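> Attaching a single structure in C-alpha cells format; questions to follow.
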Amino acid sequence: PVSAAPVRMPTSPPTAFGGGARPQMAAPAPDPQGAAPQLRVTSFTQLVALAGQKRDLMTKGALEGDMRLVRFEEGRLEVALEPNASKTMISELAKKFELWTGRRWTIVVSNEQGQPTLRSVNQAAKQEHARTAEADPRVREVLSRFPGAKVVEVRRLAPETPESNINTDYGSDDPLEDSDGDDL
C-alpha cells in the first residue's frame, strides 16, 4: 500500500498581491506630482559614504580615487576623471545612485580640472600628520635612538571615558569617602 504524505497549506491568508505566507514587495506607483526622493544626498562625501553603507566597495573606490569633483547638486554630479578610470563607470554610477536614492541622477564628465580626488586628499592629510608627529621632540628622540626608524602611521588616541575615573575602592559604598586606611 502506498501512503500519501499530508500536504501542509499556508496558515496565513493570501495577501492582496496574490502571495501566500510570504509578503511580496510591489513597486511603488509613480507619483504624477513628482514625489520627493527617498534619500536626500547633499554632498559628494555623502554619496561616497552611501556607497560604503551599501557595501559597494568598487563604487566607493571609484568615487574616492578615480573622480575629481567639479560640481555637485542633488541629482547632478559633474566630475573630471583620472586617466585610469573605467569608461563604463558613469552609466553604472547613474543607475546605482538612482536605485539608492530614489531619484534620477545626471553625471557629467567635465574638461575642468576639478578638486583633488578624495584619496589624494586623505593621503596628503596622513603625510601632514606624520610630519607633525616627526616634529615633536619626543618622537625625534625616539627616532634618533633607532636609526632607520620612521613614522609609518599617526593615530589619534580616544579621549578618556568618564568610566576610567570610577573609584575602585570596593570597601566603601560612598564614592566620595576617602579610603586612607585609618578605619578602626
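No lab work stands behind these numbers, since they all come straight from the coordinates. All values derive from a computational prediction rather than experimental measurement. Here Cβ is always computed from backbone atoms with ideal geometry, including for glycine, and neighbour counts include all displayed protein chains.
> How big is segment 44-115 along each principal axis, measuring the range of its Cα positions in Å and listing the largest first?
That gives 28, 22, 21 Å along the principal axes, largest extent first.
> Turning to a different aspect of this structure: Full-extension gain between residue 149 and residue 110, please, as 0.36 nm times their residue separation minus the C-alpha to C-alpha distance.
On the way: separation 39, 0.36 × 39 = 14.04 nm, distance 4.36 nm.
9.7 nm is the gain from fully extending residue 149 to residue 110.
> Can you list the lysines whose alpha carbon sits under 18 Å from that of residue 87, skipping same-chain ones fewer than 8 residues off?
Those lysines meeting the cut-off are 60, 95, 96.
> OK, next. Given R₀ = 45 Å, what would the calculated FRET efficiency be for residue 38 paired with residue 135, taking r from the Cβ atoms and rounding to 0.05?
Values: r = 48 Å, r/R0 = 1.07.
Once the sixth-power term is evaluated, E becomes 0.40.
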